[in-house]
Amino acid sequence: MSGPGFENLKALIVEDNAHMRSLLRALLNSLGVKDIAEAGNGQIAIELLRERKSDLVLTDLAMKPMDGLEFTRYVRNNDHSPNPFVPIIMISGHTEKYRVEAARDAGVTEFLAKPITAHNLFARIAEIVERPRAFVRCDGYFGPDRRRHQNDDYTGPWRRKDDFQTTEAR
Amino acid sequence: MTKNSKPKVQLIPPGAYPQMLSKPRAARALRTLQAPETAAKAQVAMEAAMPAMRAAILQYVEEMERSADDMTRLFEAAHEIRGFAETAGMITTGRIAEVLCRYMDDITRFGRPMDTTIVALHVSAIARAARAEDDNVRTGQAVAAELAALVAKRLAEQS
């Protein structure tokens with residue numbers, strides 16, 4: 001029986017295409033997620049986030065008047081954001097490298113390229129559940145750690161331009 | 001740059017901020033995500049959504065055909081088609097729309113003039129594929145491949 005584990009999850013779908021919203025809702029339903037809110041763009045989504053707790057956000061990239069990037073930046077950085085740590089999966093047909101990098105730099109947790117399959121969506125959700133990522137706060141960025149493959153046993157020299165000292169949150 | 005002058009970063013480990021699911025729920029959720037029954041339910045949901053999605057794609061095709069003089073609207077319609085044609089099982093339609101979007105996106109970024117013949121060829125091919133009973137026929141795939149080659153060549157010339 002599907003459902004156990006997700007029955008209390010509150011999800012938010014931010015997508016301007018009603019058919020895609022309906023499909024995403026149906027896929028979340030198949031996991032047992034029942035409490036799902038929908039918004040047609042980032043601006044409406046922000047209002048919904050203030051009114052109602054959300055544990056998971058699925059957002060499109062291209063929307064008007066507020067797109068998924070601006071929405072993500074708001075959630076991560078705005079002082080009035082109700083939950084800057086909420087997992088955000090960006091779902092988009094815009095799969096050009098520069099757009100994916102823009103999504104990463106805005107602070108999305110996962111990026112899912114359209115066309116959507118249940119398998120791919122569930123894999124992204126599993127990634128969030130199984131391997132939650134550390135968050136990073138530094139000049140110009142707040143969001144999930146953008147380095148996916150960190151080797152804790154690395155003993156070689158630091159060569160990246162942006163290698164820096166880290167401190168743990170208190 | 002000295003070690004001390006490097007910018008500091010605050011690393012917040014997963015245990016220090018609220019998680020999407022509590023640990024006991026997360027373990028159950030993972031089992032749900034991997035369960036064959038979940039995949040079967042999702043498949044049923046996908047199939048139920050397909051007729052409406054196919055109808056919507058045909059509307060976007062009409063929108064695209066009406067927008068020959070408005071490249072912004074044409075791109076938006078092509079983008080929607082690219083977004084869910086393949087999810088609706090219209091593989092060739094989705095692939096040609098993908099090539100058209102890539103062409104329009106790149107040519108705009110390069111600041112070059114749009115070749116309206118290339119756009120019209122794609123619009124026509126997308127419309128034919130979307131209206132074909134079985135859009136994934138070999139002819140359609142061949143057309144998609146030829147158009148992709150044409151766009152790659154033209155973009156290489158322009159970049």
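Annotations for the structure displayed:
- Per residue of chain B, the DSSP helices (runs of n ≥ 4 H) give a summed -39500 (n - 2.57) that works out to -24500 deg cm²/dmol at 222 nm.
- Considering only B:A142, B:A27, B:A45, the mean-square fluctuation computed in a Gaussian network model of chain B, springs between alpha carbons under 10 angstrom, is largest for B:A27.
- Likely footprinting exposure, A:L58, B:L30, fewest C-beta neighbours within 10 Å first: B:L30, A:L58
- As a calculated quantity, the FRET efficiency between A:R147 and B:K23 at R0 = 35 Å, using C-beta atoms, amounts to about 0.90.
- Note on B:A68 and B:R154: with the Förster distance fixed at 25 Å, the Cβ-Cβ geometry gives a FRET efficiency of about 0.85.
- Segment B:A142-B:D106, extension gain: residue separation times 0.36 nm, minus the distance between their alpha carbons: 10.7 nm
- Magnitude of the charge dipole, the protein assembly as shown, Cβ model with Lys/Arg +1 and Asp/Glu -1, debye to 20: 1220 debye
- Rg(Cα)/(2.2 N^0.38 Å) for the range A:103-145, N = residue count: 1.31
- Of the DSSP H helices in chain B, those whose Cα atoms cover at least 18 Å axially and whose Kyte score averages 0.5 or more: B:116-131
- The modelled label-to-label distance for the pair B:A35/B:A52, using points 7 Å beyond Cα in the direction of Cβ, is 2.5 nm.
- What the Cα atoms of the range A:10-144 give is an Rg and a Dmax of 13.5, 40 Å.
- Estimated D of the range B:38-81 in µm² per second, where Rh is the Kirkwood radius over Cα pairs and Stokes-Einstein applies at 25 °C, 0.890 mPa s: 211 µm²/s
- Taking all Cα pairs closer than 8 Å and separated by 6 or more residues, the relative contact order of the range A:1-87 comes to 31 percent.
- Value of Rg to Rh for the range B:49-158 (Rh from inverse mean 1/r over Cα pairs, i.e. Kirkwood): 0.96
- For the range A:22-83, Kirkwood radius (reciprocal of mean inverse C-alpha pair distance, Å): 12.2 Å
- Across all Cα atoms of the protein assembly as shown, the radius of gyration (one decimal) and Dmax (whole number) stand at 21.6, 67 Å.
- Peptide A:20-27, shielding by other chains (average Cβ, 10 Å cutoff): 5
- Of B:T32, B:T72, B:T87, the one that fluctuates the most in a GNM where chain B has Cα springs shorter than 10 Å: B:T32
- Rounded to 5, the percent of DSSP beta bridges in the protein assembly as shown classed as antiparallel: 25 percent
- Bridge orientation summary for the range A:10-144: considering DSSP beta bridges with both residues in this region, about 20 percent are antiparallel.
- Only Cα pairs under 8 Å and 6+ residues apart enter the sum, and on that basis the relative contact order of chain B stands at 19 percent.
- Per-residue Cβ neighbour rank within 10 angstrom, fewest leading, A:K97, A:K64, A:K114: A:K97, A:K64, A:K114
- Residues B:M53, B:M114 arranged by fewest to most Cβ contacts within 10 Å: B:M114, B:M53
Only the coordinates and a few stated rules stand behind these numbers; no lab work does. These numbers come from a predicted model, not from an experiment. With ideal geometry, Cβ positions are generated from the backbone for all residues, glycine too; neighbour counts draw on all protein chains shown.
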